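J.: Encoded as C-alpha coordinates, here's the structure I'll be asking about.
The values are calculated or read from the model by the stated rules, or taken from the named source; none is laboratory data. Bear in mind the structure is a predicted one, so any value in this text is a computation, not a measurement. Glycine also receives a Cβ, built like all others from the backbone with ideal geometry; neighbour counts cover every protein chain displayed. All accessible areas refer to the heavy atoms of the entire protein, side chains included, with ligands and DNA or RNA removed. Shrake-Rupley method; radii C 1.70, N 1.55, O 1.52, S 1.80 Å.
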Amino acid sequence: MLLYGRNPVLEALRAGLVQELLVARGVEEAFVQELKTFDVRLKFAPRIELDQLAGTTDHQGVMAEVEDLEWATVDDILDRAESRGEQLLVVLLDGITDPRNFGAIIRSAEVLGAHGVIVEERRSSPLNATVAKAAAGATSFLPVAQTKNLPRLIEQLKSDNVWVYGAAGEAARPMAQLDFDRPLALVIGAEGEGMRRLVREKCDELVSIPVRGQIQSLNAAVAAGILIQHAVAGRK
(Lines give C-alpha, C1' and ligand atoms only; values in the text may rest on other atoms or scores of the structure.)
Protein backbone atom coordinates (compact mmCIF):
# COMPACT_ATOMS: atom_id res chain seq x y z
CA MET A 1 0.00 0.00 0.00
CA LEU A 2 1.25 3.48 -0.83
CA LEU A 3 0.93 5.70 2.22
CA TYR A 4 1.17 9.46 1.78
CA GLY A 5 1.03 12.58 3.93
CA ARG A 6 3.64 13.66 6.44
CA ASN A 7 2.02 12.61 9.71
CA PRO A 8 0.99 9.14 8.50
CA VAL A 9 4.41 8.53 6.97
CA LEU A 10 6.27 9.72 10.07
CA GLU A 11 4.15 7.49 12.31
CA ALA A 12 4.79 4.53 10.01
CA LEU A 13 8.51 5.29 10.17
CA ARG A 14 8.42 5.39 13.96
CA ALA A 15 6.62 2.06 13.96
CA GLY A 16 9.31 0.54 11.73
CA LEU A 17 6.93 -0.19 8.87
CA VAL A 18 8.80 1.63 6.06
CA GLN A 19 11.83 0.53 4.05
CA GLU A 20 11.87 3.17 1.31
CA LEU A 21 10.51 6.67 0.88
CA LEU A 22 9.65 8.62 -2.25
CA VAL A 23 10.22 12.33 -1.67
CA ALA A 24 9.27 15.19 -3.99
CA ARG A 25 12.14 17.30 -5.23
CA GLY A 26 12.02 20.76 -3.70
CA VAL A 27 10.69 19.64 -0.31
CA GLU A 28 12.19 21.81 2.41
CA GLU A 29 15.55 20.62 3.70
CA ALA A 30 14.47 20.52 7.34
CA PHE A 31 11.88 17.85 6.52
CA VAL A 32 14.38 15.87 4.45
CA GLN A 33 16.80 15.91 7.39
CA GLU A 34 14.04 14.62 9.68
CA LEU A 35 13.40 11.76 7.28
CA LYS A 36 17.12 10.95 7.20
CA THR A 37 17.09 10.26 10.94
CA PHE A 38 15.32 6.99 10.11
CA ASP A 39 17.21 4.06 8.65
CA VAL A 40 15.39 4.03 5.33
CA ARG A 41 16.31 4.73 1.74
CA LEU A 42 15.18 8.07 0.27
CA LYS A 43 14.38 8.30 -3.42
CA PHE A 44 13.72 11.73 -4.90
CA ALA A 45 11.31 12.29 -7.79
CA PRO A 46 9.41 15.15 -9.49
CA ARG A 47 6.32 16.17 -7.57
CA ILE A 48 4.12 15.25 -10.55
CA GLU A 49 5.24 11.62 -10.17
CA LEU A 50 3.93 11.61 -6.61
CA ASP A 51 0.71 13.26 -7.83
CA GLN A 52 0.20 10.43 -10.30
CA LEU A 53 1.02 7.63 -7.85
CA ALA A 54 -1.19 9.02 -5.09
CA GLY A 55 -3.99 10.07 -7.43
CA THR A 56 -4.07 13.39 -5.58
CA THR A 57 -1.89 16.42 -4.94
CA ASP A 58 -2.55 16.06 -1.22
CA HIS A 59 0.53 13.92 -0.50
CA GLN A 60 2.57 16.76 1.10
CA GLY A 61 5.69 15.74 -0.81
CA VAL A 62 6.28 12.28 0.66
CA MET A 63 5.10 8.71 0.06
CA ALA A 64 6.01 5.37 1.58
CA GLU A 65 5.34 1.83 0.49
CA VAL A 66 4.09 -0.20 3.45
CA GLU A 67 2.29 -3.47 3.88
CA ASP A 68 -1.46 -3.27 3.43
CA LEU A 69 -3.31 -2.39 6.62
CA GLU A 70 -4.66 -5.47 8.31
CA TRP A 71 -7.91 -5.83 10.19
CA ALA A 72 -7.61 -6.76 13.85
CA THR A 73 -10.12 -9.03 15.57
CA VAL A 74 -12.74 -8.14 18.14
CA ASP A 75 -10.80 -10.26 20.63
CA ASP A 76 -7.70 -8.12 20.00
CA ILE A 77 -9.65 -5.10 21.22
CA LEU A 78 -11.08 -6.88 24.25
CA ASP A 79 -7.64 -8.21 25.15
CA ARG A 80 -6.14 -4.72 24.82
CA ALA A 81 -8.47 -3.39 27.53
CA GLU A 82 -7.90 -6.42 29.76
CA SER A 83 -4.11 -6.27 29.45
CA ARG A 84 -4.17 -2.64 30.54
CA GLY A 85 -6.46 -3.35 33.46
CA GLU A 86 -8.97 -0.84 32.09
CA GLN A 87 -12.70 -0.87 31.55
CA LEU A 88 -13.45 -1.49 27.90
CA LEU A 89 -14.13 1.52 25.69
CA VAL A 90 -14.79 0.58 22.08
CA VAL A 91 -16.31 2.55 19.20
CA LEU A 92 -18.80 0.78 16.91
CA LEU A 93 -19.46 2.35 13.51
CA ASP A 94 -22.75 1.75 11.71
CA GLY A 95 -22.50 2.82 8.09
CA ILE A 96 -19.49 5.16 8.13
CA THR A 97 -18.54 4.83 4.47
CA ASP A 98 -16.55 8.03 3.99
CA PRO A 99 -12.85 7.13 4.43
CA ARG A 100 -11.99 10.57 5.82
CA ASN A 101 -14.61 10.29 8.54
CA PHE A 102 -13.50 6.73 9.23
CA GLY A 103 -9.87 7.81 9.56
CA ALA A 104 -10.75 10.81 11.72
CA ILE A 105 -12.69 8.58 14.13
CA ILE A 106 -9.76 6.15 14.36
CA ARG A 107 -7.49 9.09 15.11
CA SER A 108 -9.75 10.41 17.88
CA ALA A 109 -10.19 6.93 19.35
CA GLU A 110 -6.43 6.37 19.54
CA VAL A 111 -5.54 9.82 20.82
CA LEU A 112 -8.27 9.92 23.48
CA GLY A 113 -7.75 6.41 24.83
CA ALA A 114 -10.38 4.06 23.35
CA HIS A 115 -9.29 0.45 22.93
CA GLY A 116 -10.40 0.00 19.34
CA VAL A 117 -12.90 0.60 16.56
CA ILE A 118 -15.26 -2.01 15.07
CA VAL A 119 -17.19 -1.74 11.80
CA GLU A 120 -19.65 -3.98 10.02
CA GLU A 121 -18.05 -5.74 7.07
CA ARG A 122 -20.51 -4.62 4.37
CA ARG A 123 -21.31 -1.16 5.69
CA SER A 124 -17.93 0.50 6.00
CA SER A 125 -15.19 2.24 4.09
CA PRO A 126 -12.28 -0.07 3.27
CA LEU A 127 -9.14 0.24 5.37
CA ASN A 128 -7.03 2.04 2.78
CA ALA A 129 -4.47 4.81 2.31
CA THR A 130 -7.09 7.57 2.51
CA VAL A 131 -8.22 6.24 5.89
CA ALA A 132 -4.60 6.01 7.06
CA LYS A 133 -3.91 9.61 6.03
CA ALA A 134 -7.04 10.93 7.76
CA ALA A 135 -6.06 8.92 10.84
CA ALA A 136 -2.66 10.69 10.84
CA GLY A 137 -0.86 7.43 11.60
CA ALA A 138 -3.23 6.13 14.28
CA THR A 139 -3.88 2.99 12.20
CA SER A 140 -0.36 1.89 13.20
CA PHE A 141 -1.33 1.79 16.88
CA LEU A 142 -5.06 1.19 17.31
CA PRO A 143 -6.79 -2.12 16.47
CA VAL A 144 -9.59 -1.74 13.94
CA ALA A 145 -11.81 -4.80 13.52
CA GLN A 146 -14.69 -5.99 11.37
CA THR A 147 -17.79 -7.92 12.32
CA LYS A 148 -20.21 -9.61 9.96
CA ASN A 149 -23.26 -8.52 11.93
CA LEU A 150 -23.19 -5.44 14.16
CA PRO A 151 -26.52 -6.05 15.97
CA ARG A 152 -25.39 -9.56 16.86
CA LEU A 153 -22.04 -8.22 18.12
CA ILE A 154 -23.90 -5.73 20.30
CA GLU A 155 -25.85 -8.59 21.83
CA GLN A 156 -22.61 -10.46 22.53
CA LEU A 157 -21.05 -7.41 24.17
CA LYS A 158 -24.11 -6.89 26.34
CA SER A 159 -23.98 -10.52 27.45
CA ASP A 160 -20.43 -9.76 28.65
CA ASN A 161 -21.74 -6.84 30.74
CA VAL A 162 -20.69 -4.14 28.28
CA TRP A 163 -23.12 -1.21 28.13
CA VAL A 164 -23.97 0.15 24.68
CA TYR A 165 -24.73 3.83 24.12
CA GLY A 166 -25.85 4.99 20.69
CA ALA A 167 -25.36 8.58 19.53
CA ALA A 168 -28.66 10.11 18.39
CA GLY A 169 -29.28 13.82 18.04
CA GLU A 170 -32.93 13.49 19.02
CA ALA A 171 -32.24 11.41 22.16
CA ALA A 172 -33.93 12.75 25.28
CA ARG A 173 -30.97 12.07 27.55
CA PRO A 174 -27.87 14.25 27.08
CA MET A 175 -24.50 12.70 27.74
CA ALA A 176 -24.15 14.42 31.12
CA GLN A 177 -27.01 12.29 32.48
CA LEU A 178 -25.44 8.92 31.67
CA ASP A 179 -22.91 6.83 33.58
CA PHE A 180 -19.72 6.35 31.56
CA ASP A 181 -17.77 4.70 34.36
CA ARG A 182 -18.44 1.14 33.14
CA PRO A 183 -17.38 -1.16 30.28
CA LEU A 184 -18.79 0.68 27.31
CA ALA A 185 -19.37 0.58 23.55
CA LEU A 186 -20.25 3.83 21.77
CA VAL A 187 -22.21 3.50 18.52
CA ILE A 188 -21.84 6.16 15.83
CA GLY A 189 -24.25 6.04 12.90
CA ALA A 190 -23.98 7.17 9.30
CA GLU A 191 -23.95 10.82 8.29
CA GLY A 192 -27.55 12.02 7.86
CA GLU A 193 -29.17 8.61 8.38
CA GLY A 194 -27.84 7.82 11.84
CA MET A 195 -28.01 4.27 13.18
CA ARG A 196 -30.16 1.61 11.56
CA ARG A 197 -33.35 0.76 13.40
CA LEU A 198 -32.14 -2.66 14.57
CA VAL A 199 -28.85 -1.23 15.84
CA ARG A 200 -30.71 1.55 17.64
CA GLU A 201 -33.04 -0.95 19.30
CA LYS A 202 -30.11 -3.00 20.59
CA CYS A 203 -28.57 -0.01 22.42
CA ASP A 204 -29.03 0.23 26.19
CA GLU A 205 -29.27 4.01 25.94
CA LEU A 206 -29.49 6.67 23.26
CA VAL A 207 -27.41 9.73 24.02
CA SER A 208 -27.39 13.23 22.59
CA ILE A 209 -24.70 15.89 22.57
CA PRO A 210 -26.08 19.28 23.64
CA VAL A 211 -25.90 21.87 20.84
CA ARG A 212 -26.31 25.62 21.19
CA GLY A 213 -26.05 26.87 17.63
CA GLN A 214 -28.55 27.06 14.81
CA ILE A 215 -27.23 23.90 13.18
CA GLN A 216 -28.59 20.94 15.11
CA SER A 217 -26.24 18.15 14.06
CA LEU A 218 -22.53 17.34 14.22
CA ASN A 219 -20.24 15.59 11.79
CA ALA A 220 -19.97 11.89 12.75
CA ALA A 221 -16.24 12.12 13.45
CA VAL A 222 -16.68 15.19 15.65
CA ALA A 223 -19.52 13.55 17.57
CA ALA A 224 -17.39 10.46 18.12
CA GLY A 225 -14.52 12.54 19.48
CA ILE A 226 -16.77 14.40 21.91
CA LEU A 227 -18.35 11.20 23.23
CA ILE A 228 -15.02 9.38 23.59
CA GLN A 229 -13.55 12.28 25.52
CA HIS A 230 -16.62 12.51 27.75
CA ALA A 231 -16.45 8.77 28.42
CA VAL A 232 -12.76 8.91 29.37
CA ALA A 233 -13.28 12.01 31.57
CA GLY A 234 -16.25 10.35 33.27
CA ARG A 235 -14.21 7.42 34.56
CA LYS A 236 -12.66 7.27 38.02
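J.: Name every residue in segment 113-123 that is in contact with a strand residue (DSSP E or B) (Cβ under 9 Å, 6 or more places away or on another chain) and surrounded by fewer than 23 Cβ atoms within 10 Å (Cβ to Cβ), in order of residue number.
T.: Gly113, Glu120, Glu121, Arg123
J.: In contact with a Phe, Trp or Tyr (Cβ under 9 Å, 6 or more places away or on another chain) and not hydroxyl-bearing (Ser, Thr, Tyr) - does that describe any residue in segment 68-87?
T.: no
J.: Going through segment 97-119 one residue at a time, which ones are outside any helix (DSSP H, G or I), under 21 Å from Glu193 (Cβ atoms) and modelled with pLDDT of 95 or more?
T.: Across segment 97-119, the qualifying residues are Val117, Ile118, Val119.
J.: Could you look through segment 55-93, keep only residues that are more than 28 Å from Ala224 (Cα to Cα) and free of Cβ contacts under 8 Å to residues at least 60 places away in the same chain, and pick out the one that is surrounded by the most Cβ atoms within 10 Å (Cβ to Cβ)?
T.: Among those that are more than 28 Å from Ala224 (Cα to Cα) and free of Cβ contacts under 8 Å to residues at least 60 places away in the same chain, it is Val62.
J.: Quick one: which residue in Val91, Val66, Val62 is touching a strand residue (DSSP E or B) at 6+ places or on another chain (Cβ under 6 Å), of a type outside the set (D, E, K, R) and closer than 30 Å to Asn161 by Cα?
T.: It is Val91.
J.: Would you check if Glu28 is at pLDDT below 95, among the acidic types (Asp, Glu) and either closer than 30 Å to Pro143 by Cβ or open to solvent by less than 20 Å² (accessible area, probe 1.4 Å) (or both)?
T.: So Glu28 does not fit the description; no.
J.: Filtering segment 96-109 down to residues that are open to solvent by 10 Å² or more (accessible area, probe 1.4 Å) and of a type outside the set (D, E, K, R), which residue is farthest from Ala134 (Cα to Cα)?
T.: For segment 96-109, the residue satisfying everything is Thr97.
J.: Within segment 185-201, restricting attention to residues that are among the aliphatic types (A, V, I, L, M) and in contact with a helix residue (DSSP H, G or I) (Cβ under 6 Å, 6 or more places away or on another chain), which residue is nearest to Leu78 (Cα to Cα)?
T.: Here the answer is Ala185.
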